[in-house]
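The next block holds one structure in the form of structure tokens; read it before the comments.
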Amino acid sequence: MEGSIAELRETFTSGRTKSVEWRKKQLKALLDLINENEDKIFHALHQDLGKHPAESYRDEIGVIQKSVDFTLSCLDKWVAPNKENCLLFFFPAKGEVLSEPLGVVLIFSSWNFPISLALDPLIGAISAGNTAVLKPSELSPACMSFLSETVPLYLDNKAIKIIGGGADVGQRLLELKWDKIFFTGSPRVGSLVMTAAAKHLTPVTLELGGKCPVIVDNFSSPSKSKAAAKRIVGGKWGPCTGQACIAIDYLLVEEKSASNLIESLKKTIKRFYGENLKDLKNLSRIVNKHHFERISNFLKDPQVAASIVYGGSVNEEKLIIEPTILLDPPLDSDIMTEEIFGPLLPIITLKNIEESIEFINSKPKPLVIYAFTENETFKKRILSETSSGTVTFNDVMMQFICDALPFGGVGQSGYGRYHGKYSFDTFSHEKAVFHGAFFPEIEPRYPPWNDFKLLFLKLAYRLDYFGLILHMLGLKRP
Ligand code: NAD
């Protein structure tokens, strides 16, 4: 392992990965890898998680194709230095910001989207000109093998390496010195990552999880209520049967609207996924026995079991849990205090939907708050009175594939962000460059000090007169 990392550092020091041509060549090779191995990827995702090819395309292959295309189309613009204005008293001095690669970076990915969550950060690392180690999750072994075998056939393997393995391999990697660690996974391991990184003052990005709430307000028309139910059912169970960091964890709804909402959800579940455990279709399975037991144990609490209003059946042999709706399980039960990360959906009723703000604020900051509402004042209150990585109004999951928006958490749900230009920035250092000029030489900025010099400095800093005049003439940005 140490030898591989030394090779990556040697490659980085050679400067090869800094060239824009190298970056573009690797990104195009990554696109070839995805396009030429579509069937193998479908097969691996089916083996690990039982994903249907359409789901695999939507959530994994398509995400990477889109991300590479977007990066290739913007890379020249992103690497170009940004000219910045400086205090005009020092004219003609100039400032600029240069993005430089950080060096040798380590990427950890999780098992639920084992292709996209591994390759999407890698796109950022490559586009910024770094060398990288990617450690996929051992819990999706077919995808891990696919990446370990296929990536070296397409990408520069003196600059990009896949190191497979479990927690022991992760721990050994964390003992080494990196220039950046990008981690996708649980808050528990995220805290180990941060501790290890602190030893070398390594910057980290932590893409963690948590409980994402959905506020469901009352709608003025039945068609909007129906659309909301469709989006909730598609967003909760569609991507990896709820095993997603941005999956809906629980719903908040007014008491008087709960029964209509439940009926609408039930009808939609039957239409999208079928009825009865043995007839379910279009759903992926629980990743392994450990997670199957973790999720089914939520239902073993008698008070939680009593709150089931739909579903609840499980098939241990096939690792399938039926889409399950629960109405007002106890708020101190495990299902309401831990991240569910599976196909169970608690609904919590409130007297007034505006109480949802207080409810959400009583819990750790979520990765996403979803809110279905037409009430603009309520939307403003949600935005200004809550904190979360993202707020999505009237849809579920769609924020994830919008490259213009940063993706990441806040507080307990993570630190840092990526996607689109944000990925490039996450793996770059923005170097400030000041180009000083020898003329004019302005003496008042040096000692010996006197009152005149103090006055001069005050004017220079506070008023920036020349700048103001140029700004008024439209020649300088404010
Ligand atoms: P995890 O923390 O168990 O594992 C993540 C990675 O860390 C894996 O590569 C794993 O091998 C490695 N690892 C595990 N234990 C380790 C240790 N002791 N030392 C070093 N490395 C170790 O997480 P998971 O089970 O793969 O994923 C589930 C969690 O990830 C959920 O909390 C979910 O919300 C979160 N998640 C977040 C995002 C996001 O983008 N924010 C995406 C997917 C999953």
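The values are calculated or read from the model by the stated rules, or taken from the named source; none is laboratory data. Please read these numbers as outputs of a predicted model, since none were measured by experiment. Cβ: placed from backbone, ideal geometry, glycine included. Neighbour counts: every protein chain shown. For accessibility, only protein heavy atoms count, side chains too; no ligands or nucleic acids. Shrake-Rupley method; radii C 1.70, N 1.55, O 1.52, S 1.80 Å.
Out of Val97, Val169, Val104, report the one residue that is at pLDDT 95 or above and open to solvent by less than 10 Å² (accessible area, probe 1.4 Å).
Every option except Val104 fails the conditions.
Condition first: within 13 Å of the ligand (Cβ to nearest atom), open to solvent by 10 Å² or more (accessible area, probe 1.4 Å) and farther than 25 Å from Leu367 by Cβ. Can you find one or more residues in the stretch 152-162 that meet it?
yes
Could you grab me the full set of residues in the stretch 108-138 that are farther than 18 Å from Lys177 by Cβ and either away from the ligand (no atom under 16 Å from the Cβ) or of a type in the set (Phe, Trp, Tyr) (or both)?
Selection gives Trp111, Phe113, Ile126, Ser127, Ala128, Gly129.
Could you check Glu317 against (1) part of a loop (DSSP other than H, G, I, E, B); (2) touching a residue at least 12 places away in the same chain (Cβ under 8 Å) and say which number it fails?
(2)
Given (1) within 20 Å of the chain's Cα centre (by Cα); (2) surrounded by fewer than 17 Cβ atoms within 10 Å (Cβ to Cβ); (3) within 16 Å of the ligand (Cβ to nearest atom); (4) small (Gly, Ala, Ser), where does Ala244 come up short, assuming only one miss?
(2)
Working only within the stretch 266-318, note down all residues that are aliphatic (A, V, I, L, M) and open to solvent by 30 Å² or more (accessible area, probe 1.4 Å).
Answer for the stretch 266-318, where residues must be aliphatic (A, V, I, L, M) and open to solvent by 30 Å² or more (accessible area, probe 1.4 Å): Leu277, Leu280, Leu283, Ala305, Ala306, Ile308, Val309, Val314.
Given the structure, is Arg231 of a type outside the set (Ser, Thr, Tyr), open to solvent by 20 Å² or more (accessible area, probe 1.4 Å) and within 12 Å of the ligand (Cβ to nearest atom)?
No.
So how many residues does the stretch 343-366 have that are within 16 Å of the ligand (Cβ to nearest atom) and surrounded by fewer than 23 Cβ atoms within 10 Å (Cβ to Cβ)?
Final tally of qualifying residues: 3.
What number of residues in the stretch 178-222 are under 30 Å from Ser356 (Cβ atoms) and more than 15 Å from the ligand (Cβ to nearest atom)?
9
Filter the stretch 197-226 down to residues that are free of Cβ contacts under 8 Å to residues at least 60 places away in the same chain and farther than 23 Å from Ser109 by Cβ and give me whichever is surrounded by the fewest Cβ atoms within 10 Å (Cβ to Cβ).
The selected residue is Leu201.
Which of the residues spanning the stretch 367-377 are surrounded by 18 or more Cβ atoms within 10 Å (Cβ to Cβ) and either closer than 30 Å to Arg285 by Cα or of a type outside the set (Ser, Thr, Tyr) (or both)?
The answer is Leu367, Val368, Ile369, Tyr370, Ala371, Phe372.
List the helices (runs of 4 or more DSSP H) inside the stretch 1-86, counting only whole elements, that have at least 3 residues being open to solvent by 80 Å² or more (accessible area, probe 1.4 Å) and either in contact with an Asp or Glu (Cβ under 6 Å, 6 or more places away or on another chain) or modelled with pLDDT of 95 or more (or both).
2-14, 20-36, 38-49, 62-79
For the stretch 94-107, check the following and say yes or no: at least one residue is of a type in the set (Gly, Ala, Ser) and either within 23 Å of Ser423 (Cβ to Cβ) or within 16 Å of the ligand (Cβ to nearest atom) (or both).
Yes, the stretch 94-107 contains at least one residue that is of a type in the set (Gly, Ala, Ser) and either within 23 Å of Ser423 (Cβ to Cβ) or within 16 Å of the ligand (Cβ to nearest atom) (or both).
Please work out if Ser145 is open to solvent by 40 Å² or more (accessible area, probe 1.4 Å) and farther than 13 Å from Leu30 by Cα.
yes
Contact list please: Cβ distance under 7 Å, first residue in the stretch 328-351 and farther than 21 Å from Cys245 by Cα, second residue at pLDDT 95 or above and of a type in the set (Gly, Ala, Ser), pairs at least six apart or on different chains.
Close Cβ pairs satisfying both conditions: Asp328/Ser307; Pro329/Ser307; Thr349/Ala258; Leu350/Ser356.
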